[in-house]
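Okay, so here's the structure we're looking at.
Where a number appears in this text, it was derived from the coordinates with a stated rule and is not lab data. Computed from a predicted model, the values in this text were never measured in an experiment. Backbone-built Cβ (ideal geometry, glycine too); neighbour counts: all protein chains shown.
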Amino acid sequence: MTGTEAASIMEAELSRAGHPTRSSFKVQSLPNTAGLVQAWWSENLKANERSENARTLGYFRAYVRIADQGLLRVDGLPLEPDHYLWMDRSVMKRLERDDYLRWSHDTVPPHFEITPKGARFLIDGLELDLSQ
């Protein structure tokens, strides 16, 4: 998948979730080496920032589609030719904190694993009953 194709997916998923437009979309020629450190993802995490909003849902769905059944690699989602989409730290740290994702060392580089709660959020979106 190219950066242009990934950008189209991002726009479509943000629109589907009801968010007007993307605010962060970084395609780089090198992986995000800072992302290999788990603590980097939680820097400056504010307690009042919630995952349950249209922007987070749109980004989450787009990242899963862009990964195309692959892994949500912490150093970026591989794109062609030889580029990486660096995932938005604000989105990912909230999803991890709120148990939609969990850090996994099962691979090199590590990746974010979608939890059962995260799988329900991807399907049900903002209609998810968080009391369960």
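Among D75, D68, the order by Cβ neighbours within 10 angstrom, fewest to most, reads D68, D75. In this Cβ point-charge picture (+1 for Lys and Arg, -1 for Asp and Glu), the range 28-72 has a dipole of about 140 debye about its Cα centre. Rounded to the nearest 500, what is the 222 nm mean residue ellipticity of the chain from helices alone, with -39500 (n - 2.57) per DSSP H run of 4+ residues and division by all residues? Theoretical 222 nm ellipticity from helices: -11500 deg cm²/dmol. Look at the dipole of the range 20-101 built from charges on Cβ: of S90, A62, T21, the Cα furthest out on the positive end belongs to T21. Model label sites at I123 and N44, defined 7 Å from Cα along the beta-carbon direction, differ in position by 3.6 nm. This model, with +1 at the C-beta of Lys and Arg and -1 at the C-beta of Asp and Glu, gives the chain a dipole about its Cα centre of some 320 debye. Structural descriptor for the range 1-88: relative contact order 45 percent, calculated from alpha carbon pairs under 8 angstrom and at least 6 residues apart.
By the count of neighbouring beta-carbon atoms within 10 Å, fewest first, L122, L14, L85 end up ordered L122, L14, L85. Coupling constants for the range 38-49 follow from the phi torsions by the Karplus curve (6.51 cos²θ - 1.76 cosθ + 1.60, θ = phi - 60°), and in residue order they are 4, 4, 4, 5, 9, 4, 6, 6, 9, 4, 8, 7 Hz; glycine and proline get x. For the range 93-110, putting each phi into the Karplus relation 6.51 cos²θ - 1.76 cosθ + 1.60 with θ = phi - 60° gives couplings of 5, 5, 4, 5, 4, 8, 6, 8, 9, 9, 5, 10, 9, 5, 10, 10, x, x Hz, in residue order, rounded to whole numbers and with x for Gly and Pro.
From the coordinates of this entry, Rg/Rh (Cα atoms, Kirkwood Rh) is computed, and it appears in (i) 1.35; (ii) 0.93; (iii) 1.22 under the label (ii).
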